[in-house]
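A.B. asks: Before anything else, here's the structure in question.
A short reminder: the numbers here are calculations on the coordinates, not readings from a lab. As the structure is a computational prediction, the values presented were derived from the model and not from experiment. We place every Cβ from the backbone using ideal geometry, glycine too, and count neighbours over all the protein chains shown.
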Amino acid sequence: MEKLVIQGGRQLNGTVKTSGSKNSALPLMAATLLCNSGEIKLHRIPDLKDIQTFSKLLVYLGAEVSYQANTLNISTSNIRCVQAPYELVKQMRASIYVLGPLLARFGHASVSLPGGCAFGPRPIDLHLMAMEKLGASVTIEKGFIEAKVKGNRLRGVQIDFPVTSVGATGNALMAAVFAEGITTINNAAVEPEIVTLCCFLNAMGANIRKIGTPSLEIEGVDNLNASEFTNIFDRIEALTLLTAGAITGGSITVTGADPAQLAAVLGKFEQTGCRIITDTGSITLESPDMLLRTDVIANPYPLFPTDMQAQWIALMTQAEGVSHVIDKIYHERFNHIPELNRLGAHIEIRDNEATIHGPRKLTGTKVMSTDLRASACLVLAGLVAQGVTEVLRIYHLDRGYERIEKKLNSLGAAIERVSYQEFV
Ligand code: EPZ
């Protein structure tokens, strides 16, 4: 087991480069299952636990996968299995992304139900609804989703999602690539990760139109061809790094990320009194003397992302006044709050709303990670806490941040990664 030992109270300044996007890389990896020949090269793939897990899943299915210097080489011409096992799906919910492509290419997919998650229920009913609408029979047998095409091919159809879902949009897209005729997906997610998936599928020969809109149109094709493709940068990592500057009163420049994808959060930083300067591919945040309280509501893109909710709460512990954070996507995504309060924060939770009383002097102690963004939040709090903060179980952090302590230390932080034994 590993922990991060953080010496707090240091101001962070400087420039740091964002890694490739985790939440874009995972569906790109799933989409390679649609290509039955040749080798696919995916560039700007971050070196993360989730990428390793998804690679293991592709190899389990019969793919050849190699990873070198942030480039993945994948060949899925010899896929010999259509079952995603419980042990891998349990480690990473995004494994559900293989459902659509396996069903589209092989007419059958067997994917373990993902099970629970640290921040409440994460249903997959919309994924299954989309498969059924496209002409598959879907049953649950012994904890597995068994999806089988009725007839010899999925058929184009109109899919109306009652809730905007990134994952269900991605799965429906990939399932529809070979479907007979035209599929329309209404209330589709418009996250940059979905736009990137559409661009990659079209680069391989798919025919997807109205990309970036909530009404996607997919005209079925017969097959896809191997292609080389470069992933987008990780917008959540970029915003987390900028937050490290704001919470320590420093000035940070993040390169690589597209400012247009960060607009909702950059606007909120400005409301706190931070100065934001953007240029092509770079964003600079300059901190004010005192952060102003700023309320946020987490919603689907292009509004404030739920994946920044925990980090924002950490920041608001240092703002002047009482702030309110509501998460409309995950109503129970607040496991980080009891840990922040152990550092000396004063935060109350009521339903899906957190009330943060600031500014509060935080004092370092041991805190426990519970999920990916909660662990990032605790690292940010440790940067500003007086004394030493130990963030335990950072395997959660390693799922989605590529060597974050190295990036933060390059900006002036004092963070050490230490192995430790947990009491039995
Ligand atoms: C993706 O998860 C991201 N994960 C999450 O990031 C992110 O928090 C989430 O989108 C929202 O932006 C990846 O991309 C790998 P959803 P996903 O389906 O696709 C409800 C991180 O920290 N819903 O868009 O699982 C659901 O309960 C992770 O990097 C249904 O009701 O999220 C939620 O309220 C955490 N039925 C809302 O939709 C379904 O079948 C949005 O979820 C599916 C979802």
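A.B. asks: Can you give the angle from 0 to 90° between the axis of helix 166-176 and the longest principal axis of the chain, with both taken from C-alpha atoms, to the nearest 10?
C.D. replies: In the chain, helix 166-176 runs at an angle near 20 degrees to the longest axis.
A.B. asks: Convert each backbone phi in segment 359-369 into a coupling constant with the Karplus relation 6.51 cos²θ - 1.76 cosθ + 1.60 (shift: θ = phi - 60°), then list the ³J(HN,Hα) values in order as whole Hz, x for Gly and Pro.
C.D. replies: So the Karplus estimates, Gly and Pro as x, are x, 10, 7, 8, 10, x, 6, 7, 9, 10, 6 Hz.
A.B. asks: Oh, and also: Of 119, 271, 304, which is farthest towards the positive pole of the chain's charge dipole, taken about the Cα centre with +1 and -1 on the beta-carbons of Lys, Arg and Asp, Glu respectively?
C.D. replies: 119
A.B. asks: Compute the Cα gyration tensor for segment 22-230, then decide on rounded, prolate or oblate, letting a ≥ b ≥ c be the square roots of its eigenvalues: rounded whenever a/c is under 1.5, prolate when a/b is larger than b/c in the other cases, and oblate in all that remain.
C.D. replies: It comes out rounded by the Cα gyration axes.
A.B. asks: Something else about it: Take the residue pairs 22/406; 49/366; 22/56; 49/150; 56/148 and return only those whose Cα atoms are more than 27 Å apart.
C.D. replies: 49/150
A.B. asks: State the Cα centre-to-centre distance between segment 353-402 and segment 302-327 in whole Å.
C.D. replies: Spelled out, the Cα-based centre of one part sits 14 Å from the other.
A.B. asks: Which ³J(HN,Hα) values in Hz, rounded to whole numbers, follow from the phi angles of segment 384-394 under the Karplus curve 6.51 cos²θ - 1.76 cosθ + 1.60, where θ = phi - 60° and Gly and Pro get x?
C.D. replies: 9, 5, 6, x, 9, 10, 10, 9, 8, 6, 7
A.B. asks: Helix 49-61 against the longest principal axis of the chain: what's the angle in degrees, Cα atoms only, rounded to the nearest 10?
C.D. replies: It is inclined by approximately 20 degrees.
A.B. asks: Taking the Cα atoms of segment 278-424 alone, what are Rg (to one decimal) and Dmax (as a whole number) in Å?
C.D. replies: In order Rg, Dmax, the Cα atoms of segment 278-424 give 15.3, 51 Å.
A.B. asks: Sticking with this one: Would you work out if segment 251-293 is rounded, prolate or oblate? Take a ≥ b ≥ c from the square roots of the eigenvalues of the alpha-carbon gyration tensor; rounded if a/c is under 1.5, else prolate when a/b is larger than b/c, oblate otherwise.
C.D. replies: Oblate is the answer for segment 251-293, as a/c is 1.5 or above yet b/c matches or exceeds a/b.
A.B. asks: Hey, can you rank 280-291, 183-194, 354-365, 411-422 by average C-beta count inside 10 Å, highest first?
C.D. replies: 183-194, 354-365, 280-291, 411-422
A.B. asks: Given all pairs of different Cα atoms, what value in angstroms does the Kirkwood hydrodynamic radius of the chain take?
C.D. replies: It works out to 22.0 Å.
A.B. asks: Where Lys and Arg each count +1 and Asp and Glu each count -1, what net charge lies around residue 289 among other residues with Cβ under 13 Å from its Cβ?
C.D. replies: -1
A.B. asks: Rounded to the nearest 5, what % of the DSSP beta bridges within the chain are antiparallel ones?
C.D. replies: Of all bridge pairs located within the chain, approximately 70 percent are antiparallel.
A.B. asks: Express the relative contact order of segment 309-357 as a whole percentage, based on alpha carbon pairs under 8 Å and six or more residues apart in sequence.
C.D. replies: 45 percent.
A.B. asks: Between 305, 121, 27, which gets the highest mean-square fluctuation from a Gaussian network model of the chain, Cα cutoff 10 Å?
C.D. replies: 121
A.B. asks: Can you give the translational diffusion coefficient of segment 115-178 in µm²/s, computed by Stokes-Einstein from the Kirkwood radius over Cα pairs at 25 °C and 0.890 mPa s?
C.D. replies: Answer from the Stokes-Einstein relation: 194 µm²/s.
A.B. asks: Sticking with this one: Return one quarter of the surface area of the convex hull spanned by the alpha-carbon atoms of segment 327-369, equal to its mean projected area, in nm².
C.D. replies: 3.2 nm²
A.B. asks: Find the Cα radius of gyration of segment 21-66, compare it with 2.2 N^0.38 Å by division, and give the number to two decimals.
C.D. replies: Computed over Cα atoms of segment 21-66, the ratio equals 1.06.
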